[in-house]
Amino acid sequence: MNTARHASERLMSWPSLIADRAHCGAELGLRTTTQEIVHFHGEHEADVHLTRAMIAKLRPALLGSTAVRLRAGSGWVTVRLDMQSDIDLLATLVSAALQASTATLPGGPDSAATDVCTRESRRVVAPRAVGRP
């Protein structure tokens, strides 16, 4: 069973979310008119942009969930989607992310565009030579 597909279908019915390709290259992402909120990696994993402030607020609950992984310094959390209750948790976190996105300025330091997802943040980016694109 592809739980990510079930989760994405549920979330795509929300009027405030628009389907789009994710910044990190994931095939399916969902966004508001101003920023990315959630995207899916594979059949059983989603990244949600909660923002650092919302993660700080929800930290005790997030740490108590075996389905959630946090990454130090990131405003993104990863949700492992193994069962229906994980999809319910994802929906709750997306709701919190939508709430947080209204308080985040587009392009600001905690926006999804400048705060790379958990997959992207694992990559090591080689520095560019000066004067080269």
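Taking first residues from segment 57-80 that are open to solvent by 70 Å² or more (accessible area, probe 1.4 Å) and partners that are of a type in the set (Val, Ile, Thr) and assigned to a strand (DSSP E or B), the Cβ contacts under 6 Å between residues at least 6 apart in sequence or on separate chains come to ARG69/THR78.
In segment 36-87, the residue that is nearest to ALA26 (Cα to Cα) out of those that are under 14 Å from the mean Cα position of the chain (by Cα) and of a type in the set (Ser, Thr, Tyr) is THR78.
The values are calculated or read from the model by the stated rules, or taken from the named source; none is laboratory data. Quick caveat: nothing in here was measured; it's all calculated off a predicted structure. Note: ideal-geometry Cβ built from the backbone for every residue, glycine included; neighbour counts use all protein chains shown. The protein model used for the area step is the full one, side chains on, heavy atoms only, and it has no ligands, DNA or RNA in it. Shrake-Rupley method; radii C 1.70, N 1.55, O 1.52, S 1.80 Å.
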